[in-house]
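Have a look at the structure below, then the notes.
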Amino acid sequence: MSYFFRKEPEKLIDENGKRIDGRDLYELRPIKMKVGVLKNANGSVYLEWGENKVLAAVYGPKEIHPKHLSLPTKTRLRCKYSMSPFSTPERKKPGPPDRRSIELSKVIREALEPAIFIEKYPKTAIDVFIEILQSAGGTRTAGITAASVALADAGIPMKDLVSACSVGKVDGKIVLDLNSLEDMYGEGDMPVAIMPRKKKITLLQLDGNFTREEFKSALKLAIDGCMKIYEIQREAILNRYKEQKIDLI
Amino acid sequence: MSEIVATIRKNYIRKILRSNKRMDGRNLTEYREIKIEPNFIKNAEGSAMVSLGNTQVLVGVKAEIGEPYPDSPDKGAFITNAELVPLASPSFEPGPPDENAIELARIIDRGIRHSEALDLKKLVIQEGKKVWIIFIDIHVLNHDGNLFDASNIGAVAALLCTKIPVAKMDGEEITVENKWVKLPVKNIPVTITLGKIDDKLILDPVIEEEEILDAKITICFEKNDLICAVQKIHGPLTTEDLEEAIEIGLDKSREIRKMIEEAVK
């Protein structure tokens with residue numbers, strides 16, 4: 001669907017409490033995850049989250065270039081979030097990353113790093129690439145969810161997975177997992193990532209208008225959502241070893 | 001942004017923190033001395049020099065006439081940019097803004113945008129054709145920790161004292177009169193930054209403390225105590241940490257808002 005035909009919907013939540021895509025307030029979009037889809041990468045994941053299509057690939061631990069970036073006591077985790085030109089309604093110009101992508105790459109790195117035993121591989125690099133093939137709201141949380149499984153797939157020792165999802169405020173109500181229309185026309189958006197076993201929050205951003213109580217209930221809802229994502233991630237990893245061969249298509 | 005801090009000093013910071021003390025004698029939820037000097041730069045439409053202890057930030061606001069974004073023809077625009085000038089710290093390198101500078105600019109931008117501090121509809125000269133575009137340039141001059149709060153105070157104070165000329169459009173011609181009006185600022189967003197070291201939350205960390213932080217959280221409050229932007233930086237936090245941070249932040253944000261209002265009077 002091209003952006004030429006998009007207009008602001010009158011209501012994002014109807015009188016029966018259903019959202020514009022038919023979901024309940026606290027319902028996630030359907031999620032599918034395939035592990036080990038790219039043969040060159042040490043770990044890889046293809047994730048479909050609603051209309052989002054995301055690829056994550058992990059290379060490493062490997063030799064670091066340029067050499068001066070190496071850290072004496074730990075591995076250097078590098079993340080790159082990028083959107084394909086055709087991933088958005090309006091074409092996204094390729095080229096050097098824009099300010100949004102640079103910030104997202106930073107917060108994604110900080111969301112993933114606490115889960116990795118980075119001190120296991122001093123002087124090396126682990127590269128995480130997140131490529132958004134189709135975007136529909138919540139790409140950073142989809143990217144983190146996929147990347148954390150890709151890290152596990154690469155066999156990198158980890159303390160925990162990292163599970164992420166967003167919550168937001170739409171028509172005055174707190175809802176789970178914003179789609180693109182809710183993201184665009186809603187009153188607020190709050191992406192969250194956690195390490196599920198100890199419920200440590202590794203990513204938290206917010207924009208919009210929340211009262212203190214709304215913030216609290218939104219955070220709780222987000223953590224509950226992340227726990228559901230966690231189950232899906234676990235299952236995806238287990239499936240990886242059940243099936244003989246997994247292809248992208 | 002890495003400054004070299006001796007291990008013995010890091011250990012000492014941790015040690016005294018256990019008895020709720022800090023290197024500079026502050027308690028855990030105390031700001032350093034804040035100074036705001038509005039209208040520091042004559043050639044800017046608005047500006048403010050802010051110091052937060054030894055952290056110094058200069059913010060300049062410039063206004064230009066330009067075209068509105070196609071999806072918001074009835075609104076002016078603003079752009080926030082931050083420069084970590086090399087003279088501010090041995091760890092700042094010359095060159096295009098790195099991820100830290102971009103994150104800084106985007107957090108300040110988010111606070112101003114989502115609190116609707118600037119009434120963009122009042123910046124229209126002629127709908128769909130010409131609008132005012134406001135540039136907020138944050139220049140970090142001396143880095144001694146907590147750039148976020150210093151920059152936010154600077155940006156908001158600079159906006160509050162910005163004056164732009166009256167512009168009119170007659171056919172295709174724009175006339176700018178030598179009559180100056182205040183920018184339509186209708187909200188004062190205030191960011192509050194706390195760091196976490198071991199299990200303690202500390203307000204307004206200095207650079208030595210930032211070096212050993214486990215995590216950092218910036219919360220932006222607008223009037224009516226609404227939360228309009230949040231960013232967690234660095235390591236993990238717990239739900240309890242966040243609740244405590246909001247608790248501390250609410251009170252402090254009211255104080256700082258008052259301070260900004262006083263300074264630009």
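What do you get for trypsin sites (Lys or Arg not before Pro) in the stretch B:148-230 restricted to DSSP loop and a cutoff of at most 15 other Cβ within 10 Å of the site's Cβ?
Values: sites: B:163, B:168, B:179, B:182, B:186, B:196, B:200, B:216, B:223; in loops: B:186.
The qualifying sites are B:186.
Can you give the helix-only mean residue ellipticity at 222 nm for the protein assembly as shown, where every DSSP H stretch with n ≥ 4 adds -39500 (n - 2.57) and the sum goes over all residues, rounded to the nearest 500 deg cm²/dmol? Each step should come with its number before you reach the end.
On the way: 9 runs with 138 residues, N = 514.
Rounded to the nearest 500, it is -9000 deg cm²/dmol.
Answer rounded, prolate or oblate for the protein assembly as shown, using the Cα gyration tensor with square roots of eigenvalues a ≥ b ≥ c: rounded when a/c is under 1.5, else prolate when a/b is larger than b/c, else oblate. Before the final figure, lay out the partial values.
On the way: a/c = 1.67, a/b = 1.21, b/c = 1.38.
Here the protein assembly as shown falls in the oblate category.
Would you kindly derive the ³J(HN,Hα) couplings of the stretch A:84-94 from the backbone phi angles with the Karplus curve 6.51 cos²θ - 1.76 cosθ + 1.60 (θ = phi - 60°), listing them in order in whole Hz, with x for Gly and Pro?
Working through the residues one at a time gives 5, x, 9, 7, 10, x, 9, 4, 9, 4, x Hz.
Find the relative contact order for the stretch B:152-221 and round it to a whole percent, using C-alpha pairs within less than 8 Å whose residues are 6+ positions apart.
On the way: 92 pairs, mean separation 18.2, N = 70.
Value for the stretch B:152-221: 26 percent.
Go through the stretch A:33-92 and name the GluC sites (Glu not before Pro) that are in a DSSP coil and have 16 or fewer other Cβ atoms within 10 Å of their Cβ.
Details: sites: A:48, A:51, A:63, A:90; in loops: A:51, A:90.
Loop-located and lightly packed - A:51, A:90.
Just the Kirkwood number for the stretch B:24-263, please: inverse of mean 1/r across all distinct Cα pairs, in Å, one decimal. Write down the numbers at each step before the final one.
Working: mean 1/r = 0.0541 Å⁻¹.
Kirkwood hydrodynamic radius for the stretch B:24-263: 18.5 Å.
Of all the stretches in chain A, which is the longest one without any exposed loop site, taking trypsin sites (Lys or Arg not before Pro) in a DSSP loop (any state but H, G, I, E, B) with at most 15 other Cβ atoms within 10 Å? List each step's numbers first, then the result.
Numbers: sites that count: A:6, A:7, A:11, A:18, A:39, A:91, A:159, A:197, A:198, A:199, A:245.
The reported range is A:92-158.
Taking amide H atoms as placed 1.01 Å from N in the peptide plane, list the residues 5 or more away in sequence, or in a different chain, whose amide H sits under 5 Å from that of residue B:78.
Close amide H contacts, sequence-distant or interchain: B:134.
Please report, in debye to the nearest 20, how large the charge dipole of the stretch B:24-263 is about its Cα centre when each Lys and Arg carries +1 at its beta carbon and each Asp and Glu carries -1 there. Walk me through the numbers before you get to the answer.
Working: 27 positive and 44 negative charges, 234 e Å.
About 1120 debye.
Number of Lys pairs in the stretch B:1-146 with C-alpha atoms less than 14 angstrom apart, excluding same-chain neighbours closer than eight positions?
9
Residue by residue through A:196-205, how many Cβ atoms from other chains fall within 10 Å of the Cβ on average? Intermediate results must be reported in sequence, preceding the final value.
Numbers: counts 0, 0, 2, 3, 7, 10, 6, 4, 10, 9.
The mean count of partner-chain Cβ atoms within 10 Å per residue comes to 5.
With θ taken as phi - 60° and the coefficients 6.51, -1.76 and 1.60, list the Karplus ³J(HN,Hα) couplings across the stretch B:201-206 in order, rounded to whole Hz; mark glycine and proline as x.
Karplus values, whole Hz, x for Gly and Pro: 9, 10, 7, 6, x, 8.
Rounded to the nearest 5, what % of DSSP beta bridges with both residues in chain B are antiparallel? Spell out each step's value before the answer.
Values: 51 of 59 bridges.
Antiparallel bridges make up about 85 percent of those DSSP assigns within chain B.
Give me the dipole magnitude in Debye, nearest 20, for the protein assembly as shown about the Cα centre, with unit charges on the beta carbon: positive for Lys and Arg, negative for Asp and Glu. If you can, show how the numbers build up before the last one.
Numbers: 77 positive and 79 negative charges, 254 e Å.
For this selection, approximately 1220 debye.
Return the loop-located trypsin sites (Lys or Arg not before Pro) in the stretch B:45-150 (DSSP other than H, G, I, E, B) with at most 14 other Cβ atoms within 10 Å of their own Cβ; answer none if there are none. Before the final figure, lay out the partial values.
Details: sites: B:62, B:75, B:106, B:110, B:113, B:121, B:122, B:129, B:130; in loops: B:75, B:129.
Sites meeting the loop and neighbour criteria: B:129.
Just counting partner chain Cβ atoms within 10 Å, what average do the residues of peptide B:220-231 show around their Cβ? Intermediate values should be presented prior to the final figure.
On the way: counts 2, 1, 1, 0, 2, 2, 8, 12, 6, 7, 9, 7.
Across the residues of B:220-231, the mean count of other-chain Cβ atoms within 10 Å is 5.
Give me, ordered by chain and number, the residues 5 or more places off residue A:64 or on other chains with an amide H under 5 Å from its own placed amide H.
Counting only residues 5 or more places away or on other chains, the set is A:125.
If I take every Cα pair under 8 Å that is 6 or more residues apart in the stretch A:87-164, average their sequence separation and divide by the length, what percent do I get for the relative contact order?
Numbers: 50 pairs, mean separation 30.7, N = 78.
Here the relative contact order equals 39 percent.
Could you pull out every residue, at least 5 positions away or on a different chain, whose amide H is within less than 5 Å of the one on residue A:74? Hs are placed 1.01 Å off N in the peptide plane, and Pro or chain starts have none.
A:123
Restricting to Cα pairs below 8 Å that are 6+ residues apart, what does the relative contact order work out to for chain B? Please round to a whole percent. Present the calculation step by step, with values, prior to reporting the outcome.
On the way: 566 pairs, mean separation 54.7, N = 265.
That works out to 21 percent.
Need one value for A:113-119: mean number of C-beta atoms belonging to other chains within 10 Å of its residues' C-beta atoms.
Counting other chains' Cβ atoms within 10 Å and averaging over A:113-119 gives 1.
Beyond 12 Å, what percent of the Cα pairs of the stretch A:131-190 remain? Write out the running numbers ahead of the final one.
Details: 1191 of 1770 pairs.
The answer is 67 percent, as a whole percent.
Going through the cross-link list A:39/A:120; A:93/B:182; A:62/A:220; B:182/B:216; A:159/B:232, which pairs have a Cα-Cα distance over 31 Å in this structure? Don't skip to the end; give the middle numbers.
Working: A:39/A:120 25 Å; A:93/B:182 37 Å; A:62/A:220 38 Å; B:182/B:216 35 Å; A:159/B:232 20 Å.
Too far apart for the 31 Å limit: A:93/B:182; A:62/A:220; B:182/B:216.
Averaged across orientations, what area in nm² does the convex hull of the alpha carbons in the stretch B:27-86 project? Let's see the in-between values first.
Working: hull surface 28.2 nm².
Computed as one quarter of the Cα hull surface, the answer is 7.0 nm².
Read the figures in this text as sums done on the coordinates, not as results from a lab. Here the structure is a predicted model, which means the values were calculated and not measured. Here the Cβ is made from the backbone with ideal geometry for all residues, glycine too, and neighbour counts use every protein chain on show.
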